[in-house]
Amino acid sequence: MALVHVTLDKSLIKDTVRRDATVSRIVELTGMANINQQRLHRYGIVSGEVSASKLPEIRDIENVQAVESDETKYAVAS
Amino acid sequence: MSEADLSKRPTHIIVFKKPSEANEKLLAQVLDIHELGEISTQASCVVMGSEGSEQTNLYESLGVAVSSPTDDQIIDLKERSEVLSVELNQVRSIPPLFFPQIASLAQPSDPLSAYLRGMRDIIDAIESFHLGIDRKSRPDLQDSFTALAARRNTFSWCLQQIGMTPNYSIATGSGIKVAVLDTGIDLNHPDFEGRIFEGDNVKSFVTGESAQDGNGHGTHCAGVIGSARRSASGVRYSVAPDVDLLIGKVLNNEGKGYDDDIIKGMNWARDRGAKIISMSLGSNRNVNQPYTSLYERTADILSSEGILIVAAAGNSSSRPHFTRPVNNPAACPSIKAVAAIDENQKVYSSGSAQMDKIGTLDISAPGVAVFSAYKNGTYTTISGTSMATPHIAGVAALYYQLNPDTPAKIWQLILDNTLPLGDVNDYGFGLVQVP
């Protein structure tokens, strides 16, 4: 299981019906765990833990713009 | 995500003798996995796995895979003629900070600096021969000399380059909140004395670490933006001494952090009323690799709410040998990518470049041998686009104070006043100038 961030189409931020339906679809298809919906209403982003094998399925869901793994960032000094 | 998640990272690196399509078949056979697809942010990475197994990433063009094989599988892999090595996937940290020669801080013709440099060399020799001390491994000792030399220049070369004078008083950043998302801050540093770093103005998003900066990078960046006008070092180096600093610790004391925590920090800065978010952080990006949607969406929304976001372009190049493209998240259209220049207005040799239509360079600022506050109440000079970024954040605060407006209009004012330096692929629109 890996933490991923799912960015929904921007139009869904204000369309709560389609937004909630899309999130439900993601959870139903992937069994996403530890779901974080705190960024959903403001940014249209839902995060959670899914099996790596489910990434292509999430990407294929209607109204999903992007799926990205939680990565490491570094201080940019040399 | 937290440090505990490091334990979930792949345990081994498998190096093949050469890149080949056959490598994928070999992994499938030995590890009993299959291709799942590609990671959207890493187009050349094949993701492999199976139900119940840890993910394996195969970087086809490199002939390298990261995976968590069992002991038996490791033995099997090592026996394959196509495999060069199977090694532990070790945690890496940021490179050692660069402490430039004392001369780069001082005026070339300054006799006292030359004298200090000579003294340092003598002491180095004595310590090395008789006491066994290697100064290069003792940044605390190095720091005392750089600070001493810098005192001769009571006004940072960086501030001179952006058009400030010792008597500059047109704007100070008063009333403007600037969020620094980095490794935290030295809460006891004399150059932040009188600041209220408690309650809602400082927050750590790093599990198990307070906002106290155990790295120094965050303190250095915050110092450039808004440390005291009269530094205890005797050197004026802060761009906007009257800004209200918001300190979000999103990188741990090793200088590493997770997207999840950084996005939390951006949202926190928004809720705290930040007008500018400064992020001297990033990760490498390949040419034509997409920018990150996670950061772009967040920045897009925050920008529409009146927040300007700047980020370091990256230090991935090695001119004149090669250049690398602008990092993520600086490559995002809604985030301003900052390049670094030296005191001769030449591009920083390690600075990432504009190499595709995705990661554009926006602007330049001083970023080589930058003097500022550091951890444990000290000072030092560091190089990097990390150091250029807070200069832009500080200058933006000055413009905001004089022209409370949308980020787009503020940014246009900044661009209208830049000093063109040359190739936009190295310098963006040019060197930032104060209003």
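The values are calculated or read from the model by the stated rules, or taken from the named source; none is laboratory data. Nothing here was measured: the structure is a model prediction, and the numbers come from that model. A quick note on method: Cβ atoms are made from the backbone with ideal geometry, for glycine too, and the neighbour counts reach across all protein chains shown. Quick note on the areas: whole protein, heavy atoms, side chains included, nothing else; ligands and nucleic acids left out. Shrake-Rupley method; radii C 1.70, N 1.55, O 1.52, S 1.80 Å.
A few remarks follow.
- In this calculation the C-beta distance from B:V424 to B:N288 is compared with R0 = 22 Å, giving a FRET efficiency of 0.75.
- The stretch B:219-328 - percent of accessible surface contributed by carbon and sulfur, probe 1.4 Å: 42
- Expressed as a whole percent, the accessible surface of chain A that belongs to carbon and sulfur atoms is 47, based on a 1.4 Å probe.
- Calculated FRET efficiency for the pair B:T207/B:N376, C-beta based, R₀ 25 Å, to 0.05: 0.60
- Taking every protein chain into account, the 1.4 Å probe leaves A:S11 with about 70 Å² of accessible area, to the nearest ten.
- Whole-number accessible area per residue in Å² for the stretch B:300-354, which is evaluated in the context of all protein chains at 1.4 Å: 31
- Residue by residue along B:292-302, Cβ atoms of other protein chains within 10 Å of the local Cβ number 6 on average.
- Cα gyration tensor shape for chain A, rounded if a/c is under 1.5, else prolate or oblate: oblate
- Shape class for the stretch B:299-348: oblate, because the ratio a/c of the largest to smallest gyration tensor axis (alpha-carbon atoms, square roots of eigenvalues) is 1.5 or more and b/c is at least a/b.
- Simple label model, 7 Å out from Cα along Cβ direction - B:A232 to B:S20, nm: 6.2
- Listed cross-link partners B:K25/B:K357; A:K10/B:K375; B:K25/B:K264; A:K14/B:K264; B:K17/B:K357 are compared with a 30 Å cut-off, the Cα-Cα value being larger for B:K25/B:K357; A:K10/B:K375; B:K25/B:K264; B:K17/B:K357.
- Using a Förster distance of 30 Å, the FRET efficiency for B:R272-B:Q412 (Cβ separation, nearest 0.05): 0.70
- In units of the rule-of-thumb radius 2.2 N^0.38 Å, the stretch B:225-297 shows an alpha carbon radius of gyration of 1.38.
- Each of A:S24 and B:I75 was given a label point 7 Å from its Cα along the Cα-to-Cβ line. The distance between the two points is 5.3 nm.
- Taking a straight line from the alpha carbon of B:K249, these aspartates and glutamates sit under 16 Å away, with near neighbours fewer than eight places off in the same chain left out: B:E3, B:D182, B:D186, B:E198, B:D200, B:E209, B:D213, B:D259, B:D260, B:D261, B:D271.
- Inter-part distance where the stretch B:179-212 and the stretch B:364-435 are each reduced to a Cα centre, Å: 22
- Among beta bridges from DSSP that stay inside the stretch B:298-435, the antiparallel ones total about 45%.
- Average beta-carbon neighbours from other chains, 10 Å sphere, peptide A:62-71: 6
- Note on B:D200 and B:Y59: their simple-model spin labels are 4.4 nm apart, each label 7 Å out from Cα toward Cβ.
- Here's how it looks for B:F155: its modeled amide H is under 5 Å from those of B:R236, which are all 5 or more places away or on a different chain.
- Label-reachable residues, the stretch B:273-310, where backbone N falls under 20 Å from a point 7 Å from A:R59's Cα toward its Cβ: B:284-297
- Residue order for B:T323, B:T298, B:T165 - accessible surface, 1.4 angstrom probe, largest first: B:T165, B:T323, B:T298
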